[in-house]
Amino acid sequence: MSLQELENIIAIGNGPKKNCYKLENIYDHYKTKLLHEKDIKDPMNPSYVLTPNDINNIKTRIKALNPSIEFPDE
């Protein structure tokens, strides 16, 4: 992976073991699930529901890459 790709990795989960995703992939997952489900879950660990902090981290980092982005929940 390139340095830029590594900088755009998001760790999701609690405890010492977390699942890591490319920022664009987890944002797409968030956006898709937001339209269809109440709880947004970790794709590899469905028992973990993304916290508001997880979602805020995703949105903040994607906004840094694309300042003109508009989020579907706002």
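Do we find that Asn14 is at negative phi, in contact with a Phe, Trp or Tyr (Cβ under 9 Å, 6 or more places away or on another chain) and at pLDDT 95 or above in this structure? For Asn14, the condition - at negative phi, in contact with a Phe, Trp or Tyr (Cβ under 9 Å, 6 or more places away or on another chain) and at pLDDT 95 or above - is not met.
Cβ-Cβ distances below 6 Å connect the following pairs, each with a first residue in region 1-14 that is of a type outside the set (A, V, I, L, M), a second residue that is assigned to a strand (DSSP E or B) and at pLDDT 85 or above, and a separation of six or more residues or different chains: Gly13/Asn19; Gly13/Tyr48.
Got a number for residues in region 52-74 being without any contact (Cβ under 8 Å) to a residue 12 or more places away in the chain and of a type in the set (Asp, Glu)?
At the first step, the residues of region 52-74 found to be without any contact (Cβ under 8 Å) to a residue 12 or more places away in the chain are 52-53, 56, 60, 63-64, 66-70, 74.
Subset that is of a type in the set (Asp, Glu): 70, 74.
Summing the residues that are without any contact (Cβ under 8 Å) to a residue 12 or more places away in the chain and of a type in the set (Asp, Glu) in region 52-74 gives 2.
Based on what the data block shows, is Ile26 open to solvent by less than 40 Å² (accessible area, probe 1.4 Å) and under 14 Å from the mean Cα position of the chain (by Cα)? So Ile26 fits the description; yes.
Annotation note: Cβ proximity below 7 Å between a residue of region 37-51 that is on the phi < 0 side of the Ramachandran plot and of a type in the set (S, T, N, Q) and a residue that is at pLDDT below 95 and not in a strand (DSSP E or B) (sequence gap 6+ or interchain) occurs for Asn45/Gly13.
A quick yes/no check of all residues on (1) open to solvent by less than 40 Å² (accessible area, probe 1.4 Å); (2) in contact with a Ser or Thr (Cβ under 6 Å, 6 or more places away or on another chain); (3) within 20 Å of Met1 (Cα to Cα):
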| site | (1), (2), (3) |
| --- | --- |
| Gly15 | no, no, no |
| Leu35 | no, no, no |
| Lys41 | no, no, no |
| Asn53 | no, no, no |
| Lys59 | yes, no, no |
| Leu65 | no, no, yes |
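Look through Ile10, Ile58 and report the one residue that is under 9 Å from the mean Cα position of the chain (by Cα), under 21 Å from Asp73 (Cβ atoms) and in a helix (DSSP H, G or I). The unique qualifying residue is Ile58.
The values are calculated or read from the model by the stated rules, or taken from the named source; none is laboratory data. No experiment lies behind these values; they were computed from the predicted model shown. Please note: Cβ atoms are built from the backbone with ideal geometry, for glycine as well, and neighbour counts cover all protein chains shown. The protein model used for the area step is the full one, side chains on, heavy atoms only, and it has no ligands, DNA or RNA in it. Shrake-Rupley method; radii C 1.70, N 1.55, O 1.52, S 1.80 Å.
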